[in-house]
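Peer 1: Please read through the structure below; I'll follow up with questions.
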């Protein structure tokens, strides 16, 4: 029972991080500075990359160690599958990036969708793998997976919550800057994180039936997270042309180091 309670709390921690970040909109004065936005996006990227390596890919490789020289296979297949999954969602779901006015997703023309909703959907896409990641690690810890523990799962949940804080702020504050009511901006930012506990529960449910596929699920979540980082977060953090700065790179380094410390120290 204690482990189940720990799991329930752990699955809510990332969502709480998103909610807390979205609440920053109530304290904002004017528009969010571009340098702050890029630093926050870089920070989120660093946390996600470190979490993908230490919390997901390394345990996936350890869980496949009995395969000998082919131990890389589940991690490679799962990573490719996670990237392909996010690629398909990115191609289908209508969404809008913060630095662009051109909507993406082949379904965008089927029905008129507001800019604020499309921005929210963009962050929701980010949060799908961020929900799967703690879900599969908690499932591994509950099932006694090699190299996985409740402490490590909680460390991952805390790390994702830390990076969700700026992510929630990055969605809610620009919406308010563009004229949305602060209450609506907060609600949209919070709702973008609601997918995380849902995806975590789905992942745990599936893992209970296919526990032998745990290495594939771990690396699948890692691949999905890495896709989000490379496709969206890093380009938006770096900027282009005259807007290019080093703020995103510094934020990336801080986020990566912090997540690495959390995973090693608490895991």
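Peer 1: Roughly what angle does helix 2-22 make with the longest principal axis of the chain, taking Cα atoms, 0 to 90 degrees, to the nearest 10?
Peer 2: Between helix and principal axis, roughly 20 degrees.
Peer 1: How much mean residue ellipticity at 222 nm does the chain get from its helices, if each DSSP H run of length 4 or more adds -39500 (n - 2.57) and you divide by all residues, to the nearest 500 deg cm²/dmol? Display every interim value, and only then the final one.
Peer 2: Details: 11 runs with 188 residues, N = 267.
Computed ellipticity for the chain at 222 nm equals -23500 deg cm²/dmol.
Peer 1: To the nearest 10 degrees, how steeply does helix 34-50 sit against the main Cα axis of the chain, on a 0 to 90 scale?
Peer 2: It is inclined by approximately 10 degrees.
Peer 1: Which of rounded, prolate, oblate describes the range 116-201, given a ≥ b ≥ c as roots of the alpha-carbon gyration tensor eigenvalues and a/c under 1.5 marking rounded, otherwise prolate only if a/b is larger than b/c?
Peer 2: Values: a/c = 3.81, a/b = 2.72, b/c = 1.40.
Taking the square roots of the gyration eigenvalues as a ≥ b ≥ c, the range 116-201 is prolate.
Peer 1: In addition: Among 186, 85, 205, whose mean-square fluctuation peaks in a Gaussian network model of the chain (Cα, cutoff 10 Å)?
Peer 2: Evaluated over the chain, the most mobile residue of the options is 205.
Peer 1: At a Förster radius of 41 Å, what calculated FRET efficiency corresponds to the Cβ-Cβ distance of residue 212 and residue 102, to the nearest 0.05?
Peer 2: Working: r = 43 Å, r/R0 = 1.06.
The pair residue 212/residue 102 has a calculated efficiency of 0.40.
Peer 1: Quick one: what Rg and Dmax do you get for the chain from the alpha carbons, in Å?
Peer 2: 17.9, 57
Peer 1: May I pose another question? Report, in degrees rounded to the nearest 10, the 0 to 90 angle that the Cα long axis of helix 150-177 makes with the longest principal axis of the chain.
Peer 2: Helix 150-177 sits at roughly 10 degrees to that axis.
Every number here is computed from the coordinates shown, using simple stated rules; none is lab data. If you're wondering where the values come from, they're calculated on a predicted model, not measured in any experiment. Positions of Cβ are backbone-derived with ideal geometry, glycine not excepted, and every protein chain shown enters the neighbour counts.
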